[in-house]
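J.: Got a structure for you, written out below as structure tokens; questions coming shortly.
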Amino acid sequence: MSKIPAVQRIPTQPIAGMKPGTSGLRKRVTEFQSGNYLANFVQSVFNAVRPDGGFTGLTLVLGGDGRYFNDAAIQLVLKMAAANGFARVLVGANGILSTPAASNVIRKNKAFGGLILSASHNAGGPEGDFGIKFNAGNGGPAPEKLTDAMYAESQRINEFLTLDLPELDVSRPGAHRYGGMTVEVIDSVADYVQLMKQLFDFPALKAMFAGGFRLAFDAMHAVTGPYAHAIFEGELGAAPGTVHNGTPLKDFGGHHPDPNLVHAKALYDQMMAPGAPDLGAASDGDGDRNLIIGRDLFISPSDSLAMLAANAHLAPAYAGGIAGVARSMPTSGAVDRVAERLGVPCFETPTGWKFFGNLLDAGKITLCGEESAGTGSNHVREKDGIWAVLLWLTILCQRKQSAMQIAQEHWASYGRNYYTRHDYEEIDSTAAKKLMADLSAKIDAGLQLPKLKFADDFSYTDPVDGSVSKNQGLRVVFEDGSRIVYRLSGTGTTGSTLRVYIERYEADTSQHGLDTQAALADLIALAGKLAEIRERTDRERPDVIT
Ligand code: G16
């Protein structure tokens, strides 16, 4: 047996700014590549999560979305995991695991946790973004108390641990000894496909495709390509070509792998054109987000969550009903109405999937979602793009209606929450912070607006562990439930992104066919005026409207 090299303790110094945001640490690739940046953060994570007995006997899951720098980061983490005493690392072949697949692997193997390498929907390539996040043993993103601890460690770190080992070939499934540790390279897709088969009726969906049903799925040259090929074209027999852009590329073909109406415009145009497929869908860089477009109809993520909740019982996994639902605060109240009708609780959490973890673990909710194109269930502890598409396919299959009919019937039954999000990207950070601070002060002083119900800074008390998260977004809420919400994004890497969320409830069916921006025009104008957006950001209009 070859000798295990001695652990190397490499001196280092704290690096400023390693505070995880909404979902892990995201920075420019160039920043991650500089000096000890990545090693410092990985060691800080290990220091923050290390149990009293160390990592002896424990398993770490490792994988990423395949973006530029994924390969190098995988090799560095393997060496550091071995040096830090892990017994075993399960790594996706070629370093690939979508975020929901990684969550599943952690849960299935009762791993201690996992490191997921991704900057999600952010652009990739040498000049693009990279990211890393730690998911705990429940498969979900580390809660705030852990991310705070990681940051604290990053500010006092003085050494990191590594081993002088050659690079490991992770291109094929198989087990290897690596230092004192075992590295198991696993098939990136197989476990996930198996899980989906347990949740959904694959033979029924296969029959629907055999009957001529057409899906267009845009994998955006990101991680879902292999999963989508295996499930839609492989298992379900959808026509070859159903999956567009299905080959993962390190730079996502130069595009933002963000499934919205700007970055997935080709799909949108296809769905609005004559002869469009029955359903259009897309997923993001790491496979946790989804975009759903019916023929002639974009279904907003908030509406999608509500429609999925109302129809979830049509899938075998949820046939017994759902325990409850949760949505992030800026997500529209459409799902609240469904929960009320079903007689189940609806929780309102801050933005960030990590806030759903406790509710799912405690069995208080079955489905959850966010306006940012994320929906998921208790099957993993991450949002799940392909799962959302399969649930939509199930609903179309069981109800034998078009997405348009399903949406129209939903609105007729529950009323329609007109909803939009306006993003002002990469604005000056100082100006953005001042805009929020001044608006907050204005709210504290008391807003004088007709029919105002309340205005506040959203704060959340976790009903499971009692932890409190403050300053989670400014809300201006009117008597009829209409709302304007302001927050700064926690996922950008350059400047600040101001998000303004606008919502109005409309019960009158004759008013359900309006253009969303027109239906919200008054509130949009008020939102701009209240926060003085144009004056303070120098922007005439938002960069992205969804
Ligand atoms: C992440 C989080 C989501 C959050 C979204 C937007 O998504 O996982 O929970 O809703 O960012 O966050 P923000 O508004 O702060 O930019 P992803 O898909 O980027 O991991």
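J.: When the range 75-101 is examined, which residues are found to be open to solvent by less than 20 Å² (accessible area, probe 1.4 Å), more than 16 Å from the ligand (Cβ to nearest atom) and not β-branched (Val, Ile, Thr)?
T.: Listed by number, the residues that qualify are Gln75, Leu78, Met80, Ala81, Ala82, Ala83, Asn84, Phe86, Leu90, Gly92, Ala93, Gly95.
J.: Out of Glu348, Glu340, report the one residue that is free of Cβ contacts under 8 Å to residues at least 40 places away in the same chain, touching a strand residue (DSSP E or B) at 6+ places or on another chain (Cβ under 9 Å) and not aromatic (Phe, Trp, Tyr).
T.: After applying the criteria, what remains is Glu340.
J.: Then there's this: Restrict the check to the range 392-400 and report whether at least one residue is in contact (Cβ under 8 Å) with a residue 24 or more places away in the chain, under 28 Å from Pro542 (Cα atoms) and among the polar types (S, T, N, Q).
T.: There is no residue in the range 392-400 that is in contact (Cβ under 8 Å) with a residue 24 or more places away in the chain, under 28 Å from Pro542 (Cα atoms) and among the polar types (S, T, N, Q).
J.: So which strands (runs of 3 or more DSSP E) are wholly in the range 1-65 and hold at least 1 residues that are within 16 Å of the ligand (Cβ to nearest atom) and open to solvent by less than 20 Å² (accessible area, probe 1.4 Å)?
T.: 25-28, 59-64
J.: Considering each of Asn135, Asn104 in turn, give the residue that is away from the ligand (no atom under 12 Å from the Cβ) and either of a type in the set (Asp, Glu) or at pLDDT 95 or above (or both).
T.: Being away from the ligand (no atom under 12 Å from the Cβ) and either of a type in the set (Asp, Glu) or at pLDDT 95 or above (or both) holds for just one of Asn135, Asn104, which is Asn104.
J.: Here's another thing I want to ask about it. Name the pairs: first residue in the range 127-141 and on the phi > 0 side of the Ramachandran plot, second residue among the hydrophobic types (A, V, I, L, M, F, W, C) and more than 10 Å from the ligand (Cβ to nearest atom), Cβ to Cβ under 7 Å, at least 6 apart or on different chains?
T.: Gly139/Ile106; Gly139/Val380
J.: Something else about it: Spot the failing condition for Thr491; the list is (1) within 13 Å of the ligand (Cβ to nearest atom); (2) part of a helix (DSSP H, G or I); (3) of a type in the set (Ser, Thr, Tyr), and only one is missed.
T.: (2)
J.: Next question. How many residues are open to solvent by 10 Å² or more (accessible area, probe 1.4 Å) and more than 14 Å from the ligand (Cβ to nearest atom) if we restrict to the range 285-298?
T.: Here the count works out to 4.
J.: Let me ask something additional. I'd like the full set of residues that are within 11 Å of the ligand (Cβ to nearest atom) and open to solvent by 30 Å² or more (accessible area, probe 1.4 Å), limited to the range 477-488.
T.: Leu488
J.: For the range 525-546, does any single residue satisfy the condition of being closer than 18 Å to Ile299 by Cβ and not in a loop (DSSP other than H, G, I, E, B)?
T.: Checking the range 525-546: at least one residue is closer than 18 Å to Ile299 by Cβ and not in a loop (DSSP other than H, G, I, E, B).
J.: Of these, Thr182, Thr147, Thr162, which one is within 16 Å of the ligand (Cβ to nearest atom) and among the polar types (S, T, N, Q)?
T.: It is Thr147.
J.: While we're here: Within the bounds of the range 204-212, is there any residue that is part of a helix (DSSP H, G or I), under 26 Å from Ser120 (Cα atoms) and without any contact (Cβ under 8 Å) to a residue 40 or more places away in the chain?
T.: For the range 204-212, residues part of a helix (DSSP H, G or I), under 26 Å from Ser120 (Cα atoms) and without any contact (Cβ under 8 Å) to a residue 40 or more places away in the chain: absent.
J.: Looking only at the range 325-356, count how many residues are open to solvent by less than 10 Å² (accessible area, probe 1.4 Å), over 20 Å from Thr546 (Cα atoms) and within 11 Å of the ligand (Cβ to nearest atom).
T.: Number of matching residues: 2.
J.: Do you know which of the residues in the range 112-124 that are away from the ligand (no atom under 12 Å from the Cβ) and open to solvent by 10 Å² or more (accessible area, probe 1.4 Å) is farthest from Thr224 (Cα to Cα)?
T.: Applying the filter and picking the extreme gives Phe112.
J.: Output the qualifying pairs, or none if there are none: Cβ atoms under 6 angstrom, residues six or more apart or on different chains, first residue in the range 528-539 and under 12 Å from Ile484 (Cα atoms), second residue of a type in the set (Ser, Thr, Tyr) and open to solvent by 70 Å² or more (accessible area, probe 1.4 Å).
T.: Cβ pairs passing all conditions: none.
J.: In contact (Cβ under 8 Å) with a residue 60 or more places away in the chain, open to solvent by 30 Å² or more (accessible area, probe 1.4 Å) and either among the basic types (Lys, Arg) or within 11 Å of His422 (Cα to Cα) (or both), is that true of Ile502?
T.: Here the answer is no, as Ile502 does not meet what is asked.
J.: Would you confirm, using the coordinates I've provided, whether Arg475 is over 22 Å from the mean Cα position of the chain (by Cα), of a type outside the set (A, V, I, L, M) and under 19 Å from Asp444 (Cα atoms)?
T.: The answer is yes for Arg475.
J.: Would you be able to say whether some residue in the range 254-268 is surrounded by 22 or more Cβ atoms within 10 Å (Cβ to Cβ) and charged (D, E, K, R)?
T.: yes
J.: Considering Ala312, Ala219, Ala282, Ala230, which residue is open to solvent by 10 Å² or more (accessible area, probe 1.4 Å) and small (Gly, Ala, Ser)?
T.: Checking each option against the conditions leaves just Ala230.
The values are calculated or read from the model by the stated rules, or taken from the named source; none is laboratory data. Bear in mind the structure is a predicted one, so any value in this text is a computation, not a measurement. Note: ideal-geometry Cβ built from the backbone for every residue, glycine included; neighbour counts use all protein chains shown. Quick note on the areas: whole protein, heavy atoms, side chains included, nothing else; ligands and nucleic acids left out. Shrake-Rupley method; radii C 1.70, N 1.55, O 1.52, S 1.80 Å.
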